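The values are calculated or read from the model by the stated rules, or taken from the named source; none is laboratory data. What you see is a predicted model, and the numbers here were worked out from it, not measured in a lab. So basically every Cβ, Gly included, is an ideal-geometry build from the backbone, and we count neighbours across all protein chains shown. Each accessible area value is taken on the protein alone, full model and side chains, heavy atoms only, with ligands, DNA and RNA left out. Shrake-Rupley method; radii C 1.70, N 1.55, O 1.52, S 1.80 Å.
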Protein chains: 2
Amino acid sequence: MFLALDMVEKARSGHPGTPMGAADLAFTLWDRLLKHNPRDTQWADRDRFVLSPGHASALLYSLLYLTGYDLSLDDLRNFRQWGSKTPGHPEYGRTPGVMATTGPLGQGFANGIGMAIAERFLSEHFNRPGHEIINHFTYAIVSDGDMQEGVTSEAASLAGTLRLGKVIYIYDSNHIQIEGSTSIAFSENVARRFEAYGWQVIGPIEGTDTEAIYEALRRGQKETEKPSLIICKTIIGHCTPIEGTAKVHSDPLTELQTDEAKDTCHWPESNFYVPEDVLVYMRKAVERGETAEREWNERFEQYERAYPDLAKRFRTQFSGGFPPDWDTGLSDLFNTQTSPIATRDAGGTVLNTLVQRLHGLTGGSADLAPSTKTFLVGYGNFGWREHNGHNIHFGVREHAMGAIAGGMALHGGVIPYTATFLTFSDYMRPPMRLAAMMKIRVIYIFTHDSIGLGEDGPTHQPVEQLMGLRSVPNLTVIRPADAAETTEAWREAMLNKDGPTALVFSRQKLPILNRAECAPAKGVMRGAYTLWQSGNGAPEVILIGTGSEVHVALDAGKRLAAENVNVRVLSMPSWEIFDKQPSDYRESVLPSSIRARVAVEAGIRVGWEHYVGLDGAVVGLDRFGASAPGEVLFKKFGIDADHVVAAAKDLIRKQMVN
Amino acid sequence: MFLALDMVEKARSGHPGTPMGAADLAFTLWDRLLKHNPRDTQWADRDRFVLSPGHASALLYSLLYLTGYDLSLDDLRNFRQWGSKTPGHPEYGRTPGVMATTGPLGQGFANGIGMAIAERFLSEHFNRPGHEIINHFTYAIVSDGDMQEGVTSEAASLAGTLRLGKVIYIYDSNHIQIEGSTSIAFSENVARRFEAYGWQVIGPIEGTDTEAIYEALRRGQKETEKPSLIICKTIIGHCTPIEGTAKVHSDPLTELQTDEAKDTCHWPESNFYVPEDVLVYMRKAVERGETAEREWNERFEQYERAYPDLAKRFRTQFSGGFPPDWDTGLSDLFNTQTSPIATRDAGGTVLNTLVQRLHGLTGGSADLAPSTKTFLVGYGNFGWREHNGHNIHFGVREHAMGAIAGGMALHGGVIPYTATFLTFSDYMRPPMRLAAMMKIRVIYIFTHDSIGLGEDGPTHQPVEQLMGLRSVPNLTVIRPADAAETTEAWREAMLNKDGPTALVFSRQKLPILNRAECAPAKGVMRGAYTLWQSGNGAPEVILIGTGSEVHVALDAGKRLAAENVNVRVLSMPSWEIFDKQPSDYRESVLPSSIRARVAVEAGIRVGWEHYVGLDGAVVGLDRFGASAPGEVLFKKFGIDADHVVAAAKDLIRKQMVN
């Protein structure tokens, strides 16, 4: 633990308290129970471990170093510095052995629940009698702060309902938070609360009593019907002169204090000192890990001989890849569709087609499956009574849903999706942000994507959410215009393995764009494409629509064409994809010389200047919605072809004046 | 309850289930216990009532109509129609007697806790022996869906810690949610969970047993040390042919089904029928209410005679107004400050100055008061042991903090503020959105506002949050550049009574802008202002900065001036305020003819085209941050004067070419 202390002191920045308090817990778990191979951080059946209070990262880095992961003492010395492997909070993909980016409290707790869901899902799908290919625990250290976050409550309640017996969490209960003692804000009985959720609660035990910790962890392993919470009483900043205070939570110790702490524990004062015998002892983790994985590999070979198809599928799913035929015929799904259909309905059809080929596709909705059309028909419920089900009932818990889906993606072997109304994307921004940061494949389905949902009114009508999602780096937002674009949007989402995708669908029916006169929907893969143009050569005006407003733009375009305007209509389902296209493509679609541009979208206007600039126009909103039938609202708010035509004419007129 | 059914059927849209199931509960409360005056919806000491499952709005409208609020049968017939007083979900400010906009689940639950906090705060501050000026209950009906949301857990835990004895919530437990039985997603023991939070749990009782409901409510009133949760078992869509099913949750009944339901209950089939004797009976609420308020007025007059100053302050606070001297000398706070100071520190100083004049100012932080500098020194803790304290310790519960602050504002008499890091604004978007929709004054303080926070890394560094907040209609975002602008930002926040304000402050120290050479900080009130210009007349290039990047823009401006460029530097703390200025002011600051514009902000670039258009440049980010010292990050990410100068020169060169 003094490694952690030295790290924080060296960086003059960081959180020394929790690493010192929770060292014994973490050490006991890592030394005696954790199934892992420091030489292979991708082993499918390793135990998963999440450090939910990410500010205690120094503890995790110390453990990774000591047990032989690809991390050196120099890496530890570089704590919290530019480009180092040891950033302030654990970052997935940056440090070997870090299984989740944590820091924003509560997220790691829920990520772990997602990992355990993926574990159960995969064990149900792949294990066969005598062949336990997937069978591991998910451990986490969680803190007082985690316990106060709502996302933790949501995830814990769901974990209890699903009886996720392989979840074993250690609650580092030190009764200190930044503002002082937890009693000022947190006097609840956590044990009783978790019992109410259906968890096995063990303890409280002393956080320095390694035998008690070991026994508690073993009890957690033995309880197969309930997740386990082990309550450990710890002392924040243990051994330091300021142990048990809020100050030690997030202020580095002085050199003097660090030395004093080392004296207290009879530890040499030299920095980053690890006795040779300790290192030798801890590094045995490598041999143990390699042996364990080798045994697993042998078992997998037997499995492969007995179930070659399953084994192949297992490998494909864990590689994140697809079977070769995964999208055969996908683009033809709506070939015969002529009557208007809501993109949520189209999306449901695509999803149900995909799951027949992609067996790792699993997810669900925050109690809105019938409305979001995301139920996988014939694929059963994921629960504790049923087996092999794909449909997860998240309950009215958008936040945990997002974080759980992130945890599932982190586990690997599955392609998670979530679903709710677009307006409730607000509830799940923290986990979406982390998924984007971690560059993991999660698919967020958001339906009821505008005032078009009608009577439920402004609380349910998204207005600012589209722009809000577009502002998140590395999150791809796609809002298709009709059924055919919906198919292509889904394809893009599946192919986007380097980050999450938000699919944005309408509640209301949308006309099928006539592809005989319009460009094919596969233009979705470029983010934006010329859907239709009335004349040849450079257009006088460019109309840009997304989703349910593309047909509005097209109507407007035809009316302008009837008045002999050379007009181009773009369908722009995805800003992010379009902005990534080569500049010549972007220039061909949206020539920089043509400034008469009108964007139409049933969302807030501000932000569209990204494409229409200061000389264009935006037909959109700058207010919240209202309760009335959807078609009335489009009229009242002026989001219709009339207004697009008027705006276009206005721009053309202004250009003539100039 | 058949009124509600008729409303849903007439609109062919809405949620008939809960109004039918919860009718007896609501009726009992409203008829026998609720202290309210249908003729004065602003009476300070009325009981507060929140219908957290806002989709049951038809029930609330029926009660408001029956008890004599300003709502007619025609209003009920206009359910969910454009411009009506009876929108799909209750909307504060639209319907007399609706005390909170609800719909997004969990928010109403937490709003109620905020109302009860305001009640206790005001009772502690204003009541005197023999003079109970503020003493009322806060009631809510809450649903299965509310119980699953994390924000509810957070608020419930805090309410237990604070021992808010005047909270009485009725839990309409119908075991049905949209996807089916709650058991698929929600098997926890709610009673035990709330006991763990420190609540009195009563029941379960039968939701049709009005005597049991009455007794339970009375027990809730008598328990003064704990909030009360009354668990009522109800049957969703009670009396209808599809009672107890998920279908009745959100699908209108057919006319036939409605008639059948009426038959079951021996109710005439005619629509919107209310028997005269029922109406006469229910309308007695008016007389009772007027009597109660009259008595209160008499008591208030006695109070006023005994404590004229307090009474005056009471009136001022409830009117939302200020004492005349509230901002005297405020602008001089930092007159002698010359050394750099973080705007979070400056903000803390202003806040502590304001509270000395504005006694209704109360709030706190999500366990980050020492970091956000929002502790009101000498003003005590708000808790159950202490009295007259102003500092609320929200715990690590950003979401509930936001919703509770909203509830406090809805209650009236207080000016609530919240504080956390800007990146965690993501956790509280749902309540911020509702506050913006309700146009209530809540002040959100967000510190650690960019990569400038340094080592904590990308999880803690906001990047997209500024743009995300700017996209919310009716939310004013202000990011001041130095201590003087911080003062003006606070003034704007206080004066903005028609919506919430987000104050965005730096962690790192910022230089004090030299106002001898720069324009005065009161320019903040225009949203953006010309801070400095090197020459006269139209500038060749305009540099725009916000917050910690204003001094970067100014440095760049001076370097350009040294090269004989006529450059103007704008400080633009608030887009929303600037966009509301008259067009001649906007034109004077940002002339439409000058297109060489460079914006600099340590946040994402996309969106800034709103001001710089397609021909300008943005010095900003399009990625997440990283863990390293803040000054290193600004360098590595190129957010510095070098890059602003280069971008400006590039634009000037391009203009010359054209």
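Can you tell me which residues in region B:615-651 are within 8 Å of chain A (Cβ to nearest Cβ) and among the small types (Gly, Ala, Ser)? Within region B:615-651, B:626, B:627, B:628 meet the criteria. Evaluation of residue A:461 against the conditions (1) open to solvent by 10 Å² or more (accessible area, probe 1.4 Å); (2) in contact with a Gly (Cβ under 7 Å, 6 or more places away or on another chain) shows that the sole unmet condition is (1).
Of the residues making up region A:286-299, not a single one is over 30 Å from residue A:156 (Cα atoms) and in contact with a helix residue (DSSP H, G or I) (Cβ under 7 Å, 6 or more places away or on another chain). Please go through region B:158-190 and pick out each residue that is within 14 Å of residue A:188 (Cα to Cα) and aliphatic (A, V, I, L, M). Answer for region B:158-190, where residues must be within 14 Å of residue A:188 (Cα to Cα) and aliphatic (A, V, I, L, M): B:158, B:159, B:162, B:164.
When every residue of region B:576-597 is checked against the conditions, at least one turns out to be in a helix (DSSP H, G or I), farther than 25 Å from residue B:655 by Cα and in contact with a strand residue (DSSP E or B) (Cβ under 7 Å, 6 or more places away or on another chain).
Within region B:383-399, restricting attention to residues that are within 13 Å of chain A (Cβ to nearest Cβ) and within 23 Å of residue B:350 (Cβ to Cβ), which residue is surrounded by the fewest Cβ atoms within 10 Å (Cβ to Cβ)? Checking each candidate, the answer is B:389.
Considering only region A:156-171, I want to know if a residue exists there that is within 7 Å of another protein chain (Cβ to nearest Cβ) and not in a helix (DSSP H, G or I). Looking through region A:156-171, none of the residues is within 7 Å of another protein chain (Cβ to nearest Cβ) and not in a helix (DSSP H, G or I). Cβ separations smaller than 7 Å between residues 6+ apart or across chains give the following pairs from region B:40-58 residues that are more than 14 Å from every other protein chain (Cβ to nearest Cβ) to residues that are of a type in the set (D, E, K, R) and in a loop (DSSP other than H, G, I, E, B): B:46/B:35; B:47/B:35.
Working only within region B:365-382, note down all residues that are of a type outside the set (Val, Ile, Thr), more than 7 Å from every other protein chain (Cβ to nearest Cβ) and part of a loop (DSSP other than H, G, I, E, B). Selection gives B:366, B:373, B:375, B:376, B:378, B:379, B:380. Considered as a group, the residues in region A:130-152 that are free of Cβ contacts under 8 Å to residues at least 60 places away in the same chain and over 22 Å from residue A:216 (Cβ atoms) include one that is farthest from the other protein chains (Cβ to nearest Cβ), and that residue is A:130.
Results for (1) more than 29 Å from residue A:359 (Cα to Cα); (2) hydroxyl-bearing (Ser, Thr, Tyr), shown as yes or no for each residue.
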{"site": "A:430", "(1), (2)": "no, no"}
{"site": "A:433", "(1), (2)": "no, no"}
{"site": "A:439", "(1), (2)": "no, no"}
{"site": "A:445", "(1), (2)": "no, no"}
{"site": "A:459", "(1), (2)": "yes, yes"}
{"site": "A:489", "(1), (2)": "no, no"}
{"site": "A:508", "(1), (2)": "yes, no"}
{"site": "A:513", "(1), (2)": "yes, no"}
{"site": "A:524", "(1), (2)": "no, no"}
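Here B:412, B:402 are screened, and the one residue that is open to solvent by less than 10 Å² (accessible area, probe 1.4 Å) and in contact (Cβ under 8 Å) with a residue 24 or more places away in the chain is B:402.
Within region B:513-564, the set of residues being open to solvent by less than 20 Å² (accessible area, probe 1.4 Å) and more than 30 Å from residue B:491 (Cα to Cα) comprises B:539, B:541, B:560. Selection of region B:175-215 for residues being open to solvent by less than 20 Å² (accessible area, probe 1.4 Å), closer than 23 Å to residue B:161 by Cα and not in a loop (DSSP other than H, G, I, E, B) yields B:190, B:193, B:194, B:196, B:197, B:202. Among residues of region A:61-109 being more than 10 Å from every other protein chain (Cβ to nearest Cβ) and within 30 Å of residue B:154 (Cβ to Cβ), the one that is surrounded by the most Cβ atoms within 10 Å (Cβ to Cβ) is A:109. I need the full set of residues from region B:117-142 which are open to solvent by less than 10 Å² (accessible area, probe 1.4 Å) and part of a strand (DSSP E or B), in order please. Passing the criteria: B:138, B:139, B:140, B:141, B:142.
Per the conditions (1) among the aliphatic types (A, V, I, L, M); (2) within 14 Å of chain B (Cβ to nearest Cβ); (3) over 26 Å from the mean Cα position of the chain (by Cα), the sole criterion not satisfied by residue A:113 is (3). Condition check: in contact with a His (Cβ under 8 Å, 6 or more places away or on another chain), of a type in the set (D, E, K, R) and farther than 30 Å from residue A:61 by Cβ. Does residue A:299 satisfy that? Yes, satisfied.
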